[in-house]
1. Residue under question is Thr89, and the condition is that it be in contact with a helix residue (DSSP H, G or I) (Cβ under 7 Å, 6 or more places away or on another chain), open to solvent by 70 Å² or more (accessible area, probe 1.4 Å) and without any contact (Cβ under 8 Å) to a residue 60 or more places away in the chain; does it hold?
2. Every residue in segment 37-71 that is within 20 Å of Arg84 (Cα to Cα) and loosely packed, with under 12 Cβ neighbours inside 10 Å, please.
3. Please enumerate the residues belonging to segment 5-36 that are closer than 15 Å to Leu70 by Cβ and surrounded by 18 or more Cβ atoms within 10 Å (Cβ to Cβ).
4. Which count do you get for residues in segment 8-20 that are over 15 Å from Gln54 (Cβ atoms) and either modelled with pLDDT under 85 or of a type in the set (Phe, Trp, Tyr) (or both)?
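The values are calculated or read from the model by the stated rules, or taken from the named source; none is laboratory data. Please read all numbers here as calculations on a predicted model, not as lab measurements. We place every Cβ from the backbone using ideal geometry, glycine too, and count neighbours over all the protein chains shown. To get the accessible areas, we keep the full protein, side chains included, count just its heavy atoms, and leave off ligands, DNA and RNA. Shrake-Rupley method; radii C 1.70, N 1.55, O 1.52, S 1.80 Å.
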Amino acid sequence: IIALSAYLIRKPGESGLPAGVDAQTAPPVFMAHGTMDNVLPLALAQQGRDALQQAGLKLDWNVYPMAHSLCPREAQDLVTWLLRICGVTPAA
């Protein structure tokens, strides 16, 4: 799961994970958000991150000094993450 400048929609008291999914069966998650996001405040993304972590999910959390956009460092971190979870070793 790739969540860029996103937030988790969930009912109070629920983990936010889909029915039948738990921390052991959930796919890998890459979350990233800009510290200056003027569309979705960073606090919303942090609340989703916290809920997923409380549900036992291990996720990669990244914050970048940017607005509601994509920066080169974020794109590189995402590529690196994708290669890692796919078991691909980048050529030297």
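1. No.
2. Matches in segment 37-71: Lys58 only.
3. Ser5, Phe30, Met31, Ala32, His33, Gly34
4. Looking only at that region, the number is 3.
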